[in-house]
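These notes are about the structure you will find just below.
The values are calculated or read from the model by the stated rules, or taken from the named source; none is laboratory data. Given the structure is predicted, the values throughout are model-derived calculations rather than measurements. Glycine also receives a Cβ, built like all others from the backbone with ideal geometry; neighbour counts cover every protein chain displayed. Each accessible area value is taken on the protein alone, full model and side chains, heavy atoms only, with ligands, DNA and RNA left out. Shrake-Rupley method; radii C 1.70, N 1.55, O 1.52, S 1.80 Å.
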Amino acid sequence: MAALSKKFTMKTIAFLLLLLAVTCRLAWGEENAIEELQVETLVRPETCSVLSRMGDTLKIHYTGKLMDGKVIDSSLSMDPLVVELGKRTVIPGLEQSLVGVCEGQKIKATIPSHLAYGKKGYPPTIPGDAVLEFEVEVVSLTQQTPWQKMVNDVFPLVCLALVPTLLGLVGLYLYKKANAEKPNKKKAKDKKIKKK
């Protein structure tokens, strides 16, 4: 019994040491690794009556950088980028940082790799596991209309309901066709003979 408890205790100690090592590694992490999206407001307009929400359309100017300051992308020399929130037209971290902003607001978003390009990155510009920093200016904000909201919220559900219905109708048609009485050649000849 004593040997069993000693063996159990050694296993427990080994497990706790392993758990401690993993916890310390996670706590120290990489130099510039962040786990959560960080959004800092640089400029906020005096009047901010309308905040952006999913479904709204924003026109933004942005500059994206790696944490070492290297610029990876910018819209400053082009027309503003049009982003419809919820349509996944930009990386998830950038889209999340644009929810709750005003027209005229400037933000700085520090985006962890899992909300950007992940482990693979976007070679050759963005290495794997890269934390990105975006400075964004919201040039304009257009809220979605009730009609757009209905199309965005209800239409996918209607389509989702139609697919099984159509598949069921096709299945029913094929079932009836397979079980329908097939005309016998002999019966067809008998009918022809009776007609004569």
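Figures for the structure shown
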read-out	value
E95 being touching a Leu at 6+ places or on another chain (Cβ under 7 Å), open to solvent by less than 50 Å² (accessible area, probe 1.4 Å) and in contact (Cβ under 8 Å) with a residue 12 or more places away in the chain	yes
Residue list for the range 98-133, filter: within 13 Å of T41 (Cα to Cα), open to solvent by 10 Å² or more (accessible area, probe 1.4 Å) and in a loop (DSSP other than H, G, I, E, B)	V99, G100, E103, G104
Members of the range 81-92 found to be part of a loop (DSSP other than H, G, I, E, B) and open to solvent by 40 Å² or more (accessible area, probe 1.4 Å), listed by number	G86, K87, R88, T89
Tabulated pairs, the range 123-138, first more than 15 Å from T110 (Cα to Cα), second acidic (D, E), C-beta under 7 angstrom, 6+ apart or interchain	V138/E103
Neighbours by Cβ (under 7 Å, 6+ apart or cross-chain): first from the range 47-65, hydroxyl-bearing (S, T, Y); second crowded, with 17+ Cβ neighbours inside 10 Å and in a loop (DSSP other than H, G, I, E, B)	S52/L85; S52/L98; S52/V101; Y62/S75
Qualifying residues in the range 134-177 (those that are outside any strand (DSSP E or B) and β-branched (V, I, T)) - the one farthest from I34 (Cα to Cα)	V170
Residue that is farthest from G55 (Cα to Cα) [pool: residues in the range 163-178 that are open to solvent by 90 Å² or more (accessible area, probe 1.4 Å) and among the aliphatic types (A, V, I, L, M)]	L174
